[in-house]
1. For residue 90, are the conditions met, namely being of a type in the set (A, V, I, L, M, F, W, C), within 23 Å of residue 20 (Cα to Cα) and free of Cβ contacts under 8 Å to residues at least 40 places away in the same chain?
2. Please identify the pairs in which a residue from region 15-35 that is within 18 Å of residue 114 (Cα to Cα) has its Cβ atom under 7 Å from the Cβ atom of a residue that is of a type in the set (Asp, Glu) and surrounded by 14 or more Cβ atoms within 10 Å (Cβ to Cβ), counting only partners at least 6 apart or on another chain.
3. Within region 59-83, which residues are closer than 15 Å to residue 25 by Cα and either surrounded by 12 or more Cβ atoms within 10 Å (Cβ to Cβ) or within 12 Å of the chain's Cα centre (by Cα) (or both)?
Amino acid sequence: MIALLIFAISFLTLLQFFVSYSRSLIVEAQQIELTEGTRTICGITGRTLAGDQFRRLVHLIGLCPNPGGESHKVRAIAAYFRMIEFIGIFLKWGMPSAIQWINAERGGCAYAAAVLLDRRIAANRMMTLGQWNSQI
């Protein structure tokens with residue numbers, strides 16, 4: 001019984017750190033302005049994104065080669081997005097007022113994914129320019 005209690009407390013503590021880390025990634029991403037090229041590629045018109053665009057953005061990230069070490073950030077934001085959707089299923093029944101918060105969190109995840117895609121596109125452009133310069 002004590003082992004189960006220790007496991008539950010450890011799991012909840014780990015979950016708290018995971019949520020804090022994911023939220024910090026989202027807040028960090030919201031401070032960054034997307035480039036016009038990424039906005040065009042992704043079809044983004046405004047400053048905010050709908051959570052429905054998240055899966056498409058993650059798919060685009062998967063198509064873009066990863067020159068840096070940011071794949072853990074993509075996985076963390078994707079896991080947080082899935083967790084928010086799972087929690088949203090239950091909160092929609094019990095607390096309909098939480099729908100606005102859920103949509104805001106999903107939109108934040110989508111914007112963070114767009115920022116990570118923007119970084120990958122910029123890094124790949126620089127890598128391509130470096131290859132062109134070395135060939136000349």
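1. yes
2. Listed by first residue and then by second, the contacts come to 34/118; 35/118.
3. 70, 71, 72, 73, 74, 75, 76, 77, 78, 79, 80, 81
Read-outs throughout are calculated quantities, based only on the coordinates presented, and are distinct from any laboratory measurement. What you see is a predicted model, and the numbers here were worked out from it, not measured in a lab. Cβ atoms come from the backbone with ideal geometry, glycine included; neighbour counts cover every protein chain shown.
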